[in-house]
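Every number in this text was worked out from the coordinates using simple rules, so none of it is lab data. Everything quoted here is computed from the prediction, not taken from an experiment. Positions of Cβ are backbone-derived with ideal geometry, glycine not excepted, and every protein chain shown enters the neighbour counts.
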Amino acid sequence: MSRGRRASRGTVGAAGLALASALLLAGCWGAGLAPPPAPTGETPAPSVSAPMQATRVQLEGTLRAAGISLVDEEAPFRPAETAGLAAAPRIVLRAVLPDDPGQGRIVVYDLGDAQAAYAAAREMAAYLATGPGRVQFPSDARFALRLLGSTVVFSSWSEAAAPDPEAGRRLMVLLDGFGIPVPIQPS
């Protein structure tokens, strides 16, 4: 067989394969088989445990009594935290401070039982008292670190960054009266 004939057979073979592939795909789509839909990019909301929900309800009641609304935080937020808290399920809430929308975030972690929550909260308190922990927050930051059952409640607030210091102070006083305190002792 001559070289020209072999080349033309190869070209015809490649063209035939391409045509057959196109017809096969068209036939699949015509038969009701469509390519999978494009992903939407949305992820499902995390499930909220019963202890986290109970803590949220109590927080909501405490804040509502003082005229402060509590909502789910829409923006991604993760404070500086210890490994034990970083690994725990959590929800991020925001106390609505109308003149200070950048603050008021409250993180509720569920550690599974009260002893694990206490250990994680003590670890966080020790971290916040150290230099590496302190530099993660403004120098005037106040912290609320509280226990309620198997949950740890954490919030921080900075007066220097607050356009409405009175609302932030009021929020911190309310959080200071919530649950069981975990003191942060500077080292």
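Taking a Cβ cut-off of under 9 Å around Leu93, the surrounding Lys, Arg, Asp and Glu residues balance to a net charge of 0, with basic ones at +1 and acidic ones at -1. Seen from Tyr127, the other residues with C-beta closer than 15 Å to its C-beta sum to a net charge of +1, counting Lys and Arg as +1 and Asp and Glu as -1. If a spin label sat at a point 7 angstrom from the Cα of Asp140 along the line to its beta carbon, the backbone N atoms of segment 172-187 nearer than 18 Å would be those of 172-173. Approximating the spin labels as points 7 Å out from Cα along Cα→Cβ, the Ala126-to-Ser158 distance works out to 2.7 nm. Taking a Cβ cut-off of under 15 Å around Pro165, the surrounding Lys, Arg, Asp and Glu residues balance to a net charge of -3, with basic ones at +1 and acidic ones at -1.
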